[in-house]
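Heads up: the structure comes next, in structure tokens.
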Amino acid sequence: MNNTVSVLEPARFDVAAVRREFPVLARTIHGHPLAFLDNGASAQRPSAVIAAVDDYERHHHANIHRGVHALSQEATALYENARDRIVPFVNARSRQEIVFVRGTTEAINLVAQSYARPLLRPGDEILITHLEHHANIVPWQMVCDQTGATLVVAPIDERGEVHFEAVEALMSPRTKLLACAHVSNSLGTVLPVHRLVAAAKARGIVTLIDGAQAIPHLPVDVQALDCDFYAFSAHKVFGPTGIGVLYGRESVLERMPPWQGGGDMILTVSFAKTTYNALPYKFEAGTPNISGVVGLGAAIDWLGTLDLEAAHAHESELLAYATEVLEGIEGLRVIGTAADKASLVSFVVAGVHPHDLGTILDQDGIAIRTGHHCAQPVMDFFRVPATARASFAFYNTFEEIDRLGASVARARRLFT
Ligand SMILES: Cc1ncc(COP(=O)(O)O)c(C=O)c1O
């Protein structure tokens, strides 16, 4: 029997071992060990990602798809191999369905301009929810302005939940597209996306899921979900910034005109006529973020070495513990108490402005996000200008949450 264990073989989840993979977690901030609880904004990168980008930049960089020389071919192979690794990561049917974009924001803008704009007529509707990030609101407002279509917003309740029935009730023959988050970035609510997509599909409504906050916390299977589009950013899932993915159902992408014109997205160009490249290149005009794609591929490979089920279970425990610790602090109100939440807690503390809270926590070496989290309608709904948000990754610890609780309590004592 062979007793050797491949380095790529999934190992039991071990927080201390995982932390050692992230160089930044060894840092101190203002004399304290860094407690990085701002993963919802951007997660940190493991050494495997840093090394892959470094190796690409040092040894393989050239422009892709155009050179016969060795470096160009190496760079092209690295770029395209990363695409092949994203296919199983989200369970797409083929590499044609994986379009590289700058991030979730660009993915949604691409769909708004390339899918929705040519299709929409005055009186048509786009359905979103009250929980959306601005990136899943503003591109639709822009396309509504351009076409005379109307943006319809499904409500949330006092717990920050989106009820399937409330969204379904707003689906009508006028609804041309349903665009909603998989997980809310401001509250952590997990939306009932499977049921929503099924109900939309039954009515012939095309669906886009904003997966920016789901991708680090939930397994994503676009075929099981059956959505037409799924968007995510590499930097939320331990990859580089400035790179992301638009998954699109091949039959829908085929029907869409290119969004941006330029190099690489064409087959032939003459002044009389241009013919477009095949999928997915039709949507990748110009020199792309090659090192970003290499880093994203490395992040996905690295995630494949973890026991993600155990990692996600650890995150759930962190969420439950953080909720308990924070709710125990006098004057603290958790905003967003949905039954199904991913790994973040939004909260306000009576008498302490969230920005002051963020500053005090920073002095204690704890990084959280304060503000409206690009979700101003959610803040308006809860009648708060801003919240403090602690968002977790599987490398966070219970001890960091104890420090968070102690620091929030200290801030409250200072201000009240
Ligand atoms: C739910 C959600 N959608 C969209 C975005 C935008 O992502 P990016 O800025 O990477 O394009 C974010 C980023 O925080 C997000 O949380």
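The values are calculated or read from the model by the stated rules, or taken from the named source; none is laboratory data. Just so it is clear, the model here is predicted, and its values are computed rather than measured. Here Cβ is always computed from backbone atoms with ideal geometry, including for glycine, and neighbour counts include all displayed protein chains. Note: accessible area is taken over every heavy atom of the protein model, side chains too, but ligands, DNA and RNA are not part of it. Shrake-Rupley method; radii C 1.70, N 1.55, O 1.52, S 1.80 Å.
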### Message
Among the residues of the range 295-310, are any assigned to a loop (DSSP other than H, G, I, E, B), of a type in the set (A, V, I, L, M) and either over 23 Å from His182 (Cα atoms) or within 23 Å of the chain's Cα centre (by Cα) (or both)?
### Response
no
### Query
Within the range 85-100, how many residues are open to solvent by 60 Å² or more (accessible area, probe 1.4 Å) and out of contact with any helix residue (DSSP H, G or I) (no Cβ under 6 Å at 6 or more places or on another chain)?
2
### Message
I'd like to check something: does the range 182-197 contain any residue that is more than 14 Å from the chain's Cα centre (by Cα) and charged (D, E, K, R)?
### Response
yes
### Task
Can you give me the ranges of the strands (runs of 3 or more DSSP E) entirely in the range 199-288 with at least 3 residues that are open to solvent by less than 10 Å² (accessible area, probe 1.4 Å) and within 16 Å of the ligand (Cβ to nearest atom)?
206-210, 229-233, 244-248
### Task
Name the one entry in Leu279, Leu246 that is within 30 Å of Ala51 (Cβ to Cβ) and either touching a residue at least 40 places away in the same chain (Cβ under 8 Å) or of a type in the set (Ser, Thr, Tyr) (or both).
Leu246
### Query
How many residues does the range 105-161 contain that are among the small types (Gly, Ala, Ser), away from the ligand (no atom under 16 Å from the Cβ) and either assigned to a helix (DSSP H, G or I) or touching a residue at least 60 places away in the same chain (Cβ under 8 Å) (or both)?
2
### Task
Restrict the check to the range 176-187 and report whether at least one residue is part of a loop (DSSP other than H, G, I, E, B), more than 16 Å from the ligand (Cβ to nearest atom) and crowded, with 19+ Cβ neighbours inside 10 Å.
no
### Message
Quick check on my filter: what residues within the range 336-393 are under 16 Å from Arg410 (Cβ atoms), touching a Pro at 6+ places or on another chain (Cβ under 9 Å) and of a type in the set (Gly, Ala, Ser)?
### Response
Gly365, Ala388
### Message
Taking the conditions exactly as written (loosely packed, with under 14 Cβ neighbours inside 10 Å and more than 16 Å from the ligand (Cβ to nearest atom)), does Ala26 satisfy them or not?
### Response
yes
